[in-house]
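Following: one structure in C-alpha cells, then a few remarks.
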Amino acid sequence: MYLYILSAIAGALMLTVFLINVQLQVNDYALAADAFVDNDGSTLIYRVVISNVGRYDITDINIDYGTYKEFIPKLRAGEKIILSPKDDANKEYVTISANPNIHIVKEYRSLPKMVKVH
C-alpha cells in the first residue's frame, strides 16, 4: 500500500518539476518566423508568418524583402501576423529584425502538395 502512495507522490513530483521546467524554457522575447510559397496550380503565392512566442511584446519589427521593407511597430505576446510580399520581393529569403536583439533570416520553403480525395 505504501509503495503505491510513494509511487503516486513521486509521479506527481516529477510532473510538477517537468511543468516548471517547460515554463522556464519560454523566452521573454522571442519571434518565430515561417516563409513559404504555395503553388495553387496557376499562381505562386508567397507568405511570411511572424509569431510572438515570447512572454513580452516585441517592438520595432522590420521585415526586409531585399527590394523593400515593411515595419510593424509592436507584436503582442501570443500574437501572429501573416504578410504577403509584393511581386518584386526577393523570392529566396526574408530577413526579420526586432527589439530587443532579434535577427532571423528565413528561406522560403514550398508547402507540401495536398492530395485531393474524390
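The values are calculated or read from the model by the stated rules, or taken from the named source; none is laboratory data. Predicted model only: the values in this text are computed from it and were never measured. Cβ atoms come from the backbone with ideal geometry, glycine included; neighbour counts cover every protein chain shown.
General remarks:
- Condition check for P85: touching a Phe, Trp or Tyr at 6+ places or on another chain (Cβ under 7 Å) and either in a strand (DSSP E or B) or without any contact (Cβ under 8 Å) to a residue 60 or more places away in the chain (or both): yes
- Counted residues, the range 67-88 - those being over 14 Å from A32 (Cα atoms), touching a strand residue (DSSP E or B) at 6+ places or on another chain (Cβ under 7 Å) and either surrounded by 15 or more Cβ atoms within 10 Å (Cβ to Cβ) or at pLDDT below 90 (or both): 3
- V48 fulfils the conditions (1) within 24 Å of K74 (Cβ to Cβ); (2) aliphatic (A, V, I, L, M); (3) at pLDDT below 80 except for a single criterion, (3).
- Residue satisfying all of: in the range 25-56; among the β-branched types (V, I, T) and part of a loop (DSSP other than H, G, I, E, B); farthest from P112 (Cα to Cα) among these: V26
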